[in-house]
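Step one of this worksheet: look at the structure below.
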Amino acid sequence: MLNISTNSIGDRVNRSKYSALDRVEKKSSGKVLIRIITFTLIGALIIMFLPWTQNIGARGNVTALRPDQRPQTIHSIIAGRIEKWYVQEGDFVEKGDTILYISEIKDNYFDPNLLTRTKEQLTAKELAVKSYMEKVKALDNQIDALATTSDLKLEQAKNKLKQAHLKVTSDSISYQASITNFNIAQEQYARQEKLYESGLKSLTDLEKRKLTLQKTQAEMISYENKLLSSKNDVINAKVELNSIRTKYRESIAKAESDKYSAMSNMYDAETTVSKLQNQYMNYSVRTGLYYITAPQNGYVTQAIQTGLGETIKEGESIVSIMPSNYSLAVEMYVKPLDLPLLDKGQHVRIQFDGWPAVVFSGWPNTSYGTYGGYVYAIDNFISPNGKYRVLVAPDPDDHEWPDALRVGAGTRNMVLLKNVSIWYELWRNINGFPPDYYKTNNSKAGNAQKTAPEDEKKKKS
């Protein structure tokens, strides 16, 4: 039956009795197999010449396009104790809404009237500055008055000195005249004495002439005394002039010293005022920091610090918030080997986690459930995971991304490269060659980049 033996028994079997065996032996199964193999090879050969899009696969996650639209944590600038919560997780808050209230834990700020007392100290110091300013003005007026009086006194003393000089001159002339009179009287007396000795004049005439001589001598002595007195007056006038100068210089110097002392005190008070103003503003701002508010519109996602009475440190995270207005993007990480193949504006196909997709990496047009994007930015430095981060924005010419997408969702990404034949792609992979490198149309990429940020939508966490 199986024709294993060399001794055939086919001629001994009556085939009319076994119809099934007759049909099996007449069936042409070998020809059908050959035809299937032939058509399969022809189909595979045809498939080898079909176009295939080279791509770079990378994992990623959904994020926001702009940094201020990404999830953020709110920190406390000062240390404090949680007193009251005004929101709970999942609540929508607008910019400026109060999230929680904290109280002080530092003894320097325990005084409930701290601002009032600091304001009183500041007012007192400001009045002290004003008083010193008024004192400086008064001393300026006093210095001006002393300077004016000094000028007048000096002018008076100079006039007196000039009068003394003139009196000296007058007395000197009178003294010289008295000397001349005395000399004349002496000559007259000598002549009179000779005439008396000759008997030409009487003794009475001689005695009269002697009396005249004595009078002129007395006048000469008197004028000499007046001259000396006038010279003493000149000296006294000079002494008085110097005394006036010294006196008013000392008075003005003392007033200026008092003025500079007042100015120094005023500057010290102004320094204290500046410190108190700074301290008052710090206290005022610190009081406003007791209420922690939302920096922008968004949703409270997680309360990192919980409960009442819990203390927090400066800069410690309190609550995380997700902005309500954001434009989605995808950040993916590519190997350093693939980085030279990327360029801004390059097309990317994205498969989001939770959205079923039938993906043919080389035939993006036939992939179902993937969405389009383009390379928006490429990091110039490597990430801690040893790969380069690439930011992908939605393609405005493709279908819109799902509205239910949330920041943080995982993605599978395919950066589309050059279109080649399947046989070439197989040959490239077998030999380990990299994909073909080519440049995208920069003008188209630029237009896409300008369009994407304007296509922002309001999303909810």
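The values are calculated or read from the model by the stated rules, or taken from the named source; none is laboratory data. Please read these numbers as outputs of a predicted model, since none were measured by experiment. FYI the Cβ positions are ideal-geometry reconstructions off the backbone, even for glycines, and counts take in every protein chain you see.
Tabulated results
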{"item": "Tabulated pairs, region 135-155, first buried (at least 17 other Cβ atoms within 10 Å of the Cβ), second part of a helix (DSSP H, G or I) and acidic (D, E), C-beta under 9 angstrom, 6+ apart or interchain", "result": "K135/D258; L139/E256; L139/D258; Q142/D258; I143/E256"}
{"item": "Qualifying residue in region 157-176 (condition: assigned to a strand (DSSP E or B), among the hydroxyl-bearing types (S, T, Y) and surrounded by 14 or more Cβ atoms within 10 Å (Cβ to Cβ))", "result": "no"}
{"item": "Residues located in region 313-329, provided they are over 30 Å from P396 (Cβ atoms) and touching a strand residue (DSSP E or B) at 6+ places or on another chain (Cβ under 6 Å)", "result": "G315, S317, I318, V319, S320"}
{"item": "Within region 330-348, tally of residues that are in contact with a strand residue (DSSP E or B) (Cβ under 9 Å, 6 or more places away or on another chain) and either over 17 Å from G57 (Cα atoms) or not hydrophobic (A, V, I, L, M, F, W, C) (or both)", "result": "10"}
{"item": "Candidate set: region 197-239, residues that are surrounded by 18 or more Cβ atoms within 10 Å (Cβ to Cβ) and without any contact (Cβ under 8 Å) to a residue 40 or more places away in the chain; chosen: the one farthest from K160 (Cα to Cα)", "result": "R209"}
{"item": "Selected residue (only one of T271, T301, T287 is within 29 Å of the chain's Cα centre (by Cα) and under 19 Å from I82 (Cα atoms))", "result": "T287"}
{"item": "Residue match in region 295-310 (condition: of a type in the set (D, E) and either part of a strand (DSSP E or B) or not assigned by TED's automatic domain parsing to the domain that holds V129 (or both))", "result": "yes"}
{"item": "Residues of region 72-96 satisfying the condition of being in contact with a Ser or Thr (Cβ under 6 Å, 6 or more places away or on another chain) and in a loop (DSSP other than H, G, I, E, B)", "result": "Y86, G96"}
{"item": "Residue in region 117-143 that is farthest from K254 (Cα to Cα), counting only those that are basic (K, R) and in contact with an Asp or Glu (Cβ under 9 Å, 6 or more places away or on another chain)", "result": "R117"}
{"item": "Set T204, T287, T216: member being part of a helix (DSSP H, G or I), in contact with a Leu (Cβ under 7 Å, 6 or more places away or on another chain), farther than 30 Å from T149 by Cα and of a type in the set (V, I, T)", "result": "T287"}
{"item": "Restricting region 362-379 to residues that are crowded, with 18+ Cβ neighbours inside 10 Å and assigned to a loop (DSSP other than H, G, I, E, B), the residue that is modelled with the lowest pLDDT", "result": "G362"}
